[in-house]
Amino acid sequence: MRSPTEFERAPDGGAGEVTVYEAYLEAGVRGVIPSLIDEVSSFFSFCPSQLTPLAWRTLMAIQVLGEVHGFSIGVHEILYSYYFAPLANKDGFYHLRSREGAPLVKEPSRGVRGNHPFGDGWNSRYVLVKIQEPVGYPTSWRTVDVSRPVSFAGEAVAKFIMEIPRRFHWVTFLVSRKALRHSHVWGNVARSPASVVYDEYQ
């Protein structure tokens, strides 16, 4: 891990380096790029650091939701419930928007304790992290076409996920230390039942 030089910008990282924003760490990232973010980045062929912090947080929450309930969630489940779009006010970034219907996870309203708006300056606070290559996604930034139709290949699993009790869908719970320590996001493989994880969170 290194700080950028005076004239380096986030997209300028060296070979085998990925930009990690401070806001990603605030969202719960620890050391490795979560597998769902890796899969999405590989599918679209963009660098993981081109996703907004809120997209990282949402994708991490979805990964944890799947893990604590025993579902394998991949890019097709994401594209059934969400779509990616270029961020209007920050060139090169992509954000995640829910399609019509219910999203897989629920964000609290703005101003609710535990909700992280990240603010406007989040893209100016970052470090460059060396990654173990080869990876399936590019480490350099690029403009890509992220428009994709609904992926009905993910419909069945997405519908099962929507049947999980609502209390387990809150992003604040899913990216809490209590939930993340039971997930692969933090490199753990021991799994506890979702109700046990939720009770620890309370």
Next item on the list: Test Ser109 against the stated conditions and say whether it is part of a loop (DSSP other than H, G, I, E, B), among the hydroxyl-bearing types (Ser, Thr, Tyr) and either modelled with pLDDT of 90 or more or under 19 Å from the mean Cα position of the chain (by Cα) (or both).
Entry: yes
Checked region 48-80 for anything over 9 Å from the mean Cα position of the chain (by Cα), surrounded by fewer than 24 Cβ atoms within 10 Å (Cβ to Cβ) and farther than 18 Å from Ala179 by Cα; matches are Gly74, Val75, His76, Leu79, Tyr80
Matching residues in region 29-40 (in contact with a Ser or Thr (Cβ under 9 Å, 6 or more places away or on another chain) and surrounded by 22 or more Cβ atoms within 10 Å (Cβ to Cβ)) number 1
Exception for Ser72 within (1) of a type in the set (Gly, Ala, Ser); (2) more than 22 Å from Ala27 (Cα to Cα); (3) in a loop (DSSP other than H, G, I, E, B) falls at (2)
Scanning region 23-67 for residues that are outside any helix (DSSP H, G or I) and of a type in the set (D, E, K, R) gives Arg30
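For (1) closer than 19 Å to Leu104 by Cα; (2) assigned to a strand (DSSP E or B); (3) touching a strand residue (DSSP E or B) at 6+ places or on another chain (Cβ under 9 Å); (4) at pLDDT below 90, each residue gets a yes or a no:
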position: Gly136; (1), (2), (3), (4): no, no, no, yes
position: Ala158; (1), (2), (3), (4): yes, no, no, no
position: Ile161; (1), (2), (3), (4): yes, no, no, no
position: Ser195; (1), (2), (3), (4): yes, no, no, yes
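The values are calculated or read from the model by the stated rules, or taken from the named source; none is laboratory data. Just so we're clear, the structure is a prediction, and the values are computed from it rather than from any experiment. Glycine gets a Cβ as well: all are built from the backbone with ideal geometry, and neighbour counts include every protein chain shown.
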